[in-house]
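A.B. asks: Just passing along the structure, written as structure tokens.
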Amino acid sequence: MNFELSKEHLAIQETARTFATNELLPGVVERDEAGEFSMDLFHKMGDLGLIGLPYPEEVGGQGGDYLGYALAVEEISKVDASMGIAYSVCTSLYGGSIMNSAAPVEKKREVLQDVLSGKCMGSFGLTEPNAGSDAGGCITVAEKDGDSYILNGLKCFNTNGPLAEYTAVYALTEPEKKSKGLSCFVVKKGTPGFTVGKVENKMGIRCAQVSEMILENVRVPAENMITASGDGFKLAMKTLDGGRIGVAAQGLGIAEGAFEIAKEYLKTREQFGKPLYKNQYLAFKMAELAMEIESAKWMLYKAATDKDSGKSYTQSAAKAKYLCTNAAMHVTTEAVQMLGGNGYMKEYHVERMMRDAKITQIYEGTNEIQKLIVSGALFR
Ligand SMILES: Cc1cc2nc3c(=O)[nH]c(=O)nc-3n(C[C@H](O)[C@H](O)[C@H](O)COP(=O)(O)OP(=O)(O)OC[C@H]3O[C@@H](n4cnc5c(N)ncnc54)[C@H](O)[C@@H]3O)c2cc1C
């Protein structure tokens, strides 16, 4: 067992940390306030080679691994969790749908390389108004018509939806088989009938753009169906296992970002004639949070390492997602409290981090669904 990061991993961490500090931190409060996503910053992340990190060069990736990718999402999310999820959706959910699919390598390269280089974004269209935790309840349909499929339906809560050049859309090719009749299609922005619906006004991750995506008689070439008919549900579940590593990294980054702010505050703020940290109550609180963060971190690194070494990672990814995102919610809530009145003010960052933390417990399988996955394996 080796708990040391390699030189390559440390270099990725440093690159992402420097980018987050120098480029993301200035303006993060203002971007949150405006609810605006910066494509310029996203392009820069691509230029640094972060988006394609875990995928092979033959499809336009960097030839690295998932641990490196998780480290990068963690660093980005310490400062800007909206950018963290926009990144993670491109890499884990859109990228994962393509990489885990049966598409030939030329097709993978065609629909991936511009996303992995940060030229444009990808998104993942699984959830529907009546198919959330029960993702197999999708009713979007894809009907064969000559050498195309015609897609009709409505996807909701689509992260990057309004901005994405490519979307992995899950639709029923054999509706009578329900979830066993689900397949996956790559749909390009601008395809007639494929439009952006309601853009959501959210509590947190306010810069990430999340919307409905409407499909009205959208004609997609049959070659853009990247699964065999009926293999879509399996593809979505496998892809979400990888996605949970990304969300866990986002949660861990949020927790660490808030922890560092609280630590500095407790050192500099004085009340009753001494720095706040000299109150054992607050020092012990920080000790508890440090232990919570560290245990969540090792679970995340284990999940990423399981994936990189070809082991099954469904369980470790579910555990990492649960622990890291609960740590995010707990640490940010305590950080706001420890900063007192200042914690409630935008310029101290922790209120934003608390709002951003909440969604990590909900998306890519709520934390109740993670317990279903873990308990299901215990009693199988
Ligand atoms: C900001 C945001 C971004 C998102 N991005 C994407 C995206 O890019 N692509 C995409 O496809 N989806 C996306 N989603 C959808 C997200 O994954 C779902 O919202 C999530 O899986 C929960 O589904 P739901 O909202 O329908 O809640 P529901 O499934 O209705 O659940 C409601 C509550 O019931 C609980 N619950 C449900 N079933 C059970 C059960 N069997 N046992 C115990 N408790 C249960 C849930 O845990 C939850 O607390 C996003 C959502 C949000 C809010």
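A.B. asks: May I ask you to give the average projected area over all directions of the convex hull of the Cα atoms of the range 1-108, in nm² rounded to one decimal?
C.D. replies: 7.7
A.B. asks: Need one word for the range 115-159: rounded, prolate or oblate. Basis is the Cα gyration tensor (sqrt eigenvalues a ≥ b ≥ c); a/c below 1.5 gives rounded, then a/b vs b/c decides.
C.D. replies: Oblate, since a/c reaches 1.5 and b/c is not below a/b.
A.B. asks: Over the range 7-116, with the other protein chains present, what is the accessible area per residue in square angstrom, probe 1.4 angstrom?
C.D. replies: Per-residue accessible area for the range 7-116 comes out at 36 Å².
A.B. asks: If I model a spin label as a point 7 Å beyond the Cα along the Cα-Cβ vector, how far apart are those points for GLU106 and SER133 in nm?
C.D. replies: Here the modelled spin labels are 4.5 nm apart.
A.B. asks: So, with a 1.4 angstrom probe, what is the percent of accessible area on the chain that is carbon and sulfur?
C.D. replies: Values: 9010 of 16490 Å².
Carbon plus sulfur share of accessible area: 55 percent.
A.B. asks: Can you give the accessible area per residue of the range 122-230, in Å², using a 1.4 Å probe?
C.D. replies: Per residue, the range 122-230 has an accessible area of 42 Å².
A.B. asks: Please determine, in degrees from 0 to 90 and to the nearest 10, the orientation of helix 232-268 with respect to the longest principal axis defined by the Cα atoms of the chain, where the helix direction is its Cα long axis.
C.D. replies: 20
A.B. asks: Classify the range 233-378: rounded, prolate or oblate, from the alpha-carbon gyration tensor (a ≥ b ≥ c, eigenvalue square roots; a/c under 1.5 rounded; otherwise prolate if a/b is larger than b/c)?
C.D. replies: Prolate is the answer for the range 233-378, as a/c is 1.5 or above and a/b outweighs b/c.
A.B. asks: Tell me whether the range 64-135 comes out rounded, prolate or oblate; compute the Cα gyration tensor, take square roots of the eigenvalues as a ≥ b ≥ c, and use a/c under 1.5 as the rounded threshold.
C.D. replies: Verdict is oblate for the range 64-135.
A.B. asks: Residue separation times 0.36 nm, minus the C-alpha to C-alpha distance between VAL29 and MET1: what's the value? Write out the running numbers ahead of the final one.
C.D. replies: On the way: separation 28, 0.36 × 28 = 10.08 nm, distance 4.06 nm.
So the chain would gain 6.0 nm between VAL29 and MET1.
A.B. asks: How large is ³J(HN,Hα), in whole Hz, for each residue of the range 297-311 in order, when computed from phi with the Karplus curve 6.51 cos²θ - 1.76 cosθ + 1.60 and θ = phi - 60°, using x for Gly and Pro?
C.D. replies: Those phi angles translate into 4, 5, 5, 5, 5, 5, 4, 5, 5, 4, 5, 5, 8, x, 7 Hz.
A.B. asks: Something else now. Hey, can you rank 358-364, 278-284, 65-71, 75-81 by average C-beta count inside 10 Å, highest first?
C.D. replies: Highest mean packing first, the order is 75-81, 65-71, 358-364, 278-284.
A.B. asks: A follow-up question, please. May I ask you to derive the relative contact order of the chain, considering only C-alpha pairs under 8 Å and at least 6 residues apart, and to give it as an integer percent?
C.D. replies: That works out to 17 percent.
A.B. asks: What nm value, rounded to one decimal, do you get for the distance between ASN152 and GLN113 when each label is placed 7 Å out toward the C-beta?
C.D. replies: Between ASN152 and GLN113, the simple spin-label model gives 3.7 nm.
A.B. asks: Based on the Cβ-Cβ distance from LYS274 to LYS346, what FRET efficiency comes out when R0 is 30 Å, to the nearest 0.05?
C.D. replies: For R0 = 30 Å, the calculated efficiency reads 0.60.
A.B. asks: State, in angstrom, two size descriptors of the chain derived from its alpha carbons: Rg to one decimal place and Dmax to the nearest whole number.
C.D. replies: Cα radius of gyration and Dmax of the chain are 20.7, 79 Å respectively.
A.B. asks: At 1.4 Å probe size, with every protein chain present, just tell me what the per residue accessible area of the range 312-364 comes to in Å².
C.D. replies: 38
The values are calculated or read from the model by the stated rules, or taken from the named source; none is laboratory data. Predicted, not measured: the structure shown is a model, and the values here were computed from it. Note that each Cβ is placed from the backbone with ideal geometry, even for glycine, and that neighbours are counted across all protein chains shown. Heads up: the accessible areas ignore ligands, DNA and RNA and are worked out on the full protein's heavy atoms, side chains in. Shrake-Rupley method; radii C 1.70, N 1.55, O 1.52, S 1.80 Å.
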